[in-house]
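**Student:** Pasting a structure below so you can have a look.
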Amino acid sequence: MYPVFRDDARLSLRELTIDDVDAVLAIYGSPEATEHLSFTPRTRTEVGGIVARSVASASATPRDEYALAVAERSGGELVGFARLALDPHQQSAATIGFALRPDTWGVGYGRETVGLLLGLAFADLGLHRVWAARAPLNVASERTLLAAGLTEEGRIRGHVHVRGAWRDSIVYGVLREEWGEQGGKCT
């Protein structure tokens, strides 16, 4: 599916462009924004490579990854980076993740971003299951995923090696019928 464009009351998901490098750097280069992610802050060169690969993979057939810009509908400013990747180990399933610019935290953009990703997964791609993982200390992500309608499913021990140590991940999931029971939205 290309191009992706989904919008909600305040946010839109759209394809990344090469012009988004500096806006993505404000997220992926930020120690605050990457504190609980599976990697340390990225350089501009690294972010340029990530964006270039994302732009190139958007036209792949079949497409198995959706790396997208999260933009404010009013003005179009990029405030986040969202990803949906088809899971090669599960039938009709995908994993999702997102990161937002720290100055936009605390206003519900995380829940809206997850809602947009679930719409892409279930309404557009017809998937059966979506899952996400968070760092155990990331309580903001816990609140976001639960508020978006996902259910905590457990802990993967020693899942991610970051900052010189192995870290667990807490896993969440939602099924298409659960999303559908909420009128196409998880609340």
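The values are calculated or read from the model by the stated rules, or taken from the named source; none is laboratory data. None of these values were measured; they are calculated from a predicted model. Because the Cβ atoms are built from the backbone with ideal geometry, glycine has one as well, and the counts that use them run over all protein chains shown. The protein model used for the area step is the full one, side chains on, heavy atoms only, and it has no ligands, DNA or RNA in it. Shrake-Rupley method; radii C 1.70, N 1.55, O 1.52, S 1.80 Å.
**Student:** Considering only the other residues whose Cβ falls under 14 Å of the Cβ of Ser59, what net charge follows from Lys and Arg at +1 and Asp and Glu at -1? Each step should come with its number before you reach the end.
**Tutor:** Values: positive: Arg53, Arg63; negative: Glu15, Asp64, Glu65.
Net charge in that neighbourhood comes out at -1.
**Student:** Whole-Hz ³J(HN,Hα) for each residue in region 6-13, computed from phi via Karplus 6.51 cos²θ - 1.76 cosθ + 1.60 with θ = phi - 60°, x for glycine and proline: what do you get?
**Tutor:** 10, 9, 10, 4, 10, 10, 10, 9
**Student:** Rolling a 1.4 Å sphere over the protein heavy atoms, what is the accessible area per residue of region 41-135, to the nearest Å²? Numbers along the way, then the final one.
**Tutor:** Values: 4080 Å² over 95 residues.
That works out to 43 Å² per residue.
**Student:** As an exercise, use a Förster radius of 30 Å and the Cβ-Cβ distance of Ser57 and Val139 to find the FRET efficiency, rounded to the nearest 0.05.
**Tutor:** That gives a FRET efficiency of 0.40.
**Student:** Only Cα pairs within less than 10 Å get springs; with that Gaussian network setup on the chain, which residue of Ala94, Ala52, Ala82 has the largest fluctuation?
**Tutor:** Ala52
**Student:** Which residue fluctuates the most in the chain, going by a Gaussian network model with Cα springs under 10 Å, if the choices are Ala140, Ala23, Ala71?
**Tutor:** Judging by the Gaussian network model, the answer is Ala140.
**Student:** Separate question: As a test of the formula, what do you get for the chain when each DSSP H run with n ≥ 4 contributes -39,500 (n - 2.57) and the sum is divided by the residue count, at 222 nm and rounded to the nearest 500 deg cm²/dmol? The partial results should precede the final answer.
**Tutor:** Working: 5 runs with 48 residues, N = 187.
Roughly -7500 deg cm²/dmol at 222 nm, from the helical runs in the chain.
**Student:** While we're on this one: Give me the distance between the Cα centres of region 104-157 and region 1-49, rounded to whole Å.
**Tutor:** Value for the Cα centre distance between the two parts: 17 Å.
**Student:** What residues qualify as long-range amide H neighbours of Ser30, i.e. H under 5 Å apart, gap of 5 or more or another chain, H built at 1.01 Å from N?
**Tutor:** The answer is Arg42.
**Student:** Right, another one. Let's test the formula: R0 of 25 Å, r as the Cβ-Cβ distance of Val107 and Asp168. What FRET efficiency results, to the nearest 0.05?
**Tutor:** Calculated value: 0.30.
**Student:** Around Leu127, which amide H atoms from residues at least 5 apart in sequence, or from another chain, sit under 5 Å from its own amide H, with H modelled in the peptide plane?
**Tutor:** Long-range HN contacts for Leu127: Phe122.
**Student:** Percent relative contact order of region 1-145, based on C-alpha pairs within less than 8 angstrom and at least six residues apart?
**Tutor:** The value is 24 percent.
**Student:** Okay, moving on. Taking θ = phi - 60°, what integer Hz values does the Karplus form 6.51 cos²θ - 1.76 cosθ + 1.60 yield along region 103-119, in sequence order, with x for Gly and Pro?
**Tutor:** For region 103-119, the Karplus curve yields 6, 10, 5, x, 10, x, 5, x, 4, 5, 5, 4, x, 5, 5, 5, x Hz.
**Student:** Follow-up. What are the ³J(HN,Hα) couplings of region 123-131, residue after residue, when phi is run through the Karplus curve with 6.51, -1.76, 1.60 and θ = phi - 60°? Round to Hz, x for glycine and proline.
**Tutor:** So the J values, rounded to whole Hz, are 6, 8, 9, x, 6, 9, 9, 10, 9.
**Student:** Among Ala56, Ala133, Ala148, which one shows the highest mean-square fluctuation when the chain is modelled as a Gaussian network with alpha-carbon springs under 10 Å?
**Tutor:** Largest GNM mean-square fluctuation: Ala56.
**Student:** Which one, Ala67, Gly49, Ile170, projects farthest toward the positive side of the charge dipole computed for the chain from Cβ point charges (K/R +1, D/E -1)?
**Tutor:** Of the candidates, Ile170 comes out farthest on the positive side.
**Student:** What order do Ser169, Ser38 take when sorted by accessible area (1.4 Å probe), most exposed first?
**Tutor:** Numbers: Ser169 0, Ser38 65 Å².
Heavy-atom accessible area, descending, gives Ser38, Ser169.
**Student:** List the residues, sorted by chain then number, that are 5 or more residues from Glu153 or on another chain and whose placed amide H is less than 5 Å from its amide H.
**Tutor:** It is Val171, Tyr172, Gly173, by chain and number.
**Student:** Still on this structure, I have one more. Keeping the other protein chains in place, figure out the carbon and sulfur percent of the accessible area of region 1-74, with a 1.4 Å probe.
**Tutor:** Result for region 1-74: 52 percent of the exposed heavy-atom area is carbon or sulfur.
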